[in-house]
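Some notes on the structure that comes next.
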Amino acid sequence: MKRLQCSHCTYPLTTCVCKYLQEPIKNRTRIIILQHPDETELAKNTVRLLTLQLSNIEVYVGESQRDFMQLLSQLNLATCALLYPSEHSVAAETLPNSQCNIETLLVIDGTWKKTNKILALNPWLKTLLAVSFNDIPKNKYTIRKAEQVYSLSTLEAVGLFLTHHDSIDSQPLLSLLDGMIEEQTKFMPAHVKARYPE
């Protein structure tokens, strides 16, 4: 039997996150998530939280370039950037003092293996300005194992970018993440919950 869902946040009623939501963040930069299909049904995925808290965000699910053709047809690539670490990436910390004109930020959502595959299948993404971070805070997303020491959840990475580029306080996003973690772990047996650091 399917569990009853909250009509607003779409989480099961037992793990509803609505009480952790704050006033929507009015982000100037348009955030576009390219989400791997395997991520859509994961309860621990943070893109759903971003769509609840940000006012300017779109999610496109797919993997190949064909999946993103509709999106591609309406993008001005000259004003787009890709949030992805590379040897040629620009540090988000330096963007406020740079000449970079970023109106739209694309973010690939998935495991590193899946995001690398999406990048490989979409050569147009490699033509975009790549953005990363010089200083990465400790990962707060403790209920999903990080594949790399510098890994952040999609929510944390987008929040950090908006802090630097849009001068936005990303605390509402982090508080929502904390709330989701609290709800996801509250029914766990003590010995299972102990695996996740506070």
Checklist entry - If you line up the long axis of helix 112-121 against the longest principal axis of the chain, both from Cα atoms, how many degrees apart are they, to the nearest 10? => result 40
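About its Cα centre, what dipole magnitude does the chain give when the only charges are +1 on Lys and Arg Cβ and -1 on Asp and Glu Cβ, stated in debye to the nearest 20?
Working: 20 positive and 20 negative charges, 120 e Å.
Here the chain has a charge dipole of around 580 debye.
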Checklist entry - If you line up the long axis of helix 171-185 against the longest principal axis of the chain, both from Cα atoms, how many degrees apart are they, to the nearest 10? => result 40
Next on the checklist: If I fit a long axis through the Cα atoms of helix 154-165 and take the longest principal axis of the Cα atoms of the chain, what angle between them do I get, 0 to 90°, rounded to 10?
Outcome noted: 50
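For the chain, report the % of Cα-Cα distances exceeding 25 Å.
Numbers: 7142 of 19503 pairs.
Above the 25 Å cut-off, the chain has 37 percent of its Cα pairs.
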Next on the checklist: I'd like the antiparallel share, as a percent to the nearest 5, of DSSP beta bridges with both residues in the chain.
Outcome noted: 5
Item to check | Net lengthening on full extension, LEU72/LEU4 (0.36 nm per residue, minus Cα-Cα) | outcome: 20.9 nm
Checklist entry - Toward the positive end of the charge dipole of the chain, about the Cα centre and with charges on Cβ (Lys, Arg +1; Asp, Glu -1), which of ASN101, MET69, LEU125 goes farthest? => result MET69
Item to check | Cα-projected label distance for SER64 with GLN99, points at 7 Å along beta-carbon direction, nm | outcome: 4.0
Item to check | Sites matching GluC sites (Glu not before Pro) across the range 25-100 that sit in DSSP coil, with at most 16 neighbouring C-beta atoms within 10 Å | outcome: GLU41, GLU87
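Bear in mind these aren't lab numbers, they're just calculated from the coordinates by the rules spelled out. The structure displayed is predicted, hence computed values, not measured ones. FYI the Cβ positions are ideal-geometry reconstructions off the backbone, even for glycines, and counts take in every protein chain you see.
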